[in-house]
Amino acid sequence: MIAKAIDMINAEQVAKACEGKEAPEFKIGDSVKVYVKIKEGDKERVQAFIGTVIARDGGGNDATFTVRRITFGVGVEKVFPLYSPYIDKIEVERSARVRRAKLYYLRKLTGKKARLREAHRAPKKSSK
Amino acid sequence: MEGLIGKKIGMTQVFDDQGRRIPVTVIEVGPCPVVQVKTTETDGYNAVQLGFEEQKPHRMTKSMLKHFEKATVKPCRITREFPLAEGEEVKAGENVTVGIFDDVKYVDVSGISKGRGFSGVIRRYRFAGGQQTHGGHSKRRVGSIGACEFPGEVQKGKKMPGHMGSVNRKARNLTVVQVRGEDNLLLVRGSIPGPKNGVVIIKKALKK
């Protein structure tokens, strides 16, 4: 029970986040649209953050993923907790063929060099 | 009841109702059988002795076995005494569970901190140490420990290398994140002293 207690709590958190939704499914290099719930006062709205998944970290309910995009010529990266209750859904728009688990090299590249080769597999439409 | 005996299980994170990630320590708390009730008439003060974690009878002394037998409680590895508030009544043999923290917002958790063995001053007292480059000879050393003929001695209490850890420490005013009665688990925000599986004492916060 001792080691299992933490697993149980973690599984519960994951289950809660996935309630009524499919488990989020995306890969490194995918262009994703992350719908984030934003609270303003007592109103709640959904905002989308579009970018490339350059890293996935952690496991269980600690799992996070990093999305990078260029806005107004400035690179912006956001780290999202995968099972955050504030993530409404994640849509995969395009998949890329990448050979690395972490695409940190994209940070040094700009313009045409920062493109990724598109994967030939059909992009899976998945929502969290 | 003021507090309970528990066991540190480990740390993880949970999301609160605002979607924030909260680091939590999971503690297995109780159920603790009441081994002995001390009263003003018999002992001069009001208190209860609680037990925690079963122990095989052959590992106990005969006198302790009888002590548990008297309360019709299975032998416990750990016993601790907690003060009993005036007017509160418990009977020997009853079980006290984590439920006593249901309406509690803050707790103090004390336990024996992790032992670090003989440690140098950098780890033990967060000294800066000497320079690592440019031919530094005093990389992790203490440095000067005092002046010359005056005062002619090292000041008492001078921070020097020595044994670190394995002492009783208390983490105060930890927020209770979750009380899981059926699993006997308590989730508190932040870290608590001691290793995993270490025995800790959980009390209602004294200063909040």
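The values are calculated or read from the model by the stated rules, or taken from the named source; none is laboratory data. As the structure is a prediction and not an experimental result, all values here were calculated from the model. Glycine also receives a Cβ, built like all others from the backbone with ideal geometry; neighbour counts cover every protein chain displayed. Surface areas here come from the heavy atoms of the whole protein model, side chains and all, with no ligands, DNA or RNA. Shrake-Rupley method; radii C 1.70, N 1.55, O 1.52, S 1.80 Å.
Some notes on this structure:
- A loss of 40 Å² or more of accessible area (1.4 Å probe, protein heavy atoms, ligands and nucleic acids excluded) relative to the isolated chain is seen in these residues of region B:1-24: B:I9, B:T12, B:Q13, B:F15, B:R21.
- Annotation: amide H-H contacts under 5 Å for A:F49 (H modelled 1.01 Å from N, sequence separation of 5 or more, or interchain): A:V34, A:Y35, A:V36.
- Hz values of 3J(HN,Hα) by residue in region B:85-99 - Karplus curve (6.51, -1.76, 1.60), Gly and Pro given as x: 5, 4, x, 7, 10, 9, 10, 4, x, 6, 9, 9, 10, 5, x
- Lys/Arg +1, Asp/Glu -1 at C-beta; the protein assembly as shown dipole; positive extreme among B:N197, B:T12, B:L174: B:T12
- Summed over the residues of region B:112-169 and divided among them, the accessible surface reaches 83 Å² per residue at a probe radius of 1.4 Å.
- In the A-B interface, the accessible area buried, summed over both sides, Å² (probe 1.4 Å): 1500 Å²
- Computed from Cα atoms, the angle from the helix A:2-17 axis to the main principal axis of chain A rounds to 60 degrees.
- For chain B, the residue among B:G3, B:G146, B:V109 whose Cα projects farthest onto the positive side of the dipole built from Cβ charges is B:G146.
- The distance separating the Cα centre of region A:97-112 from that of region B:36-59 comes to 64 Å.
- Think of chain B as a dipole: +1 on every Lys or Arg Cβ, -1 on every Asp or Glu Cβ, centred on the Cα centre; then among B:T133, B:F118, B:P23, B:T133 lies furthest on the positive end.
- Take each residue in A:4-16, count the other chain C-beta atoms within 10 Å of its C-beta, and the mean is 4.
- Surface share of carbon and sulfur [accessible, 1.4 angstrom probe, percent] for region B:98-208: 48 percent
- Helix content alone sets the calculated 222 nm mean residue ellipticity of the protein assembly as shown: runs of n ≥ 4 DSSP H residues at -39500 (n - 2.57) each, divided across all residues, give -3000 deg cm²/dmol.
- Expressed as a whole percent, the accessible area of chain A that falls on carbon and sulfur atoms is 51 (1.4 Å probe).
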